[in-house]
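These notes are about the structure you will find just below.
Any read-out appearing in this document is the output of simple, stated calculations on the displayed coordinates, not a laboratory observation. All values reported here derive from a predicted model rather than from experimental measurement. Glycine also receives a Cβ, built like all others from the backbone with ideal geometry; neighbour counts cover every protein chain displayed.
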């Protein structure tokens, strides 16, 4: 794991450098908005990875329908994938609530249909 640490950190800095360069953090609202955007972006990436892991686990589970040993091996993987998706949804909701309470706005990225008048 130690050999992967440097490429992961350098890749993260590479992708975040334009965001950090144009941040212009001058007051608390700018800093908090920046932090919430970074958390939201990381949560989106982790949610996508957790969803892909869950889909992969389900495919492997059903592909090994005749092998009970392999199905028992994949069950903890599926359990933790479901936990990961649940945690990411919770983080997404928490960041949406923080963003709405700090900066106003009512929807958390959920489309709202207005009734015709």
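Numbers for the structure displayed
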| quantity | calculated |
| --- | --- |
| Alpha-carbon gyration tensor eigenvalues x 5, square-rooted, for segment 27-103, Å | 37, 9, 7 |
| Rounded FRET efficiency, nearest 0.05, which uses the C-beta distance separating residue 89 from residue 63 and R0 of 22 Å | 0.25 |
| At R0 = 22 Å, FRET efficiency that the Cβ-Cβ distance of residue 75 and residue 42 yields, to 0.05 | 0.20 |
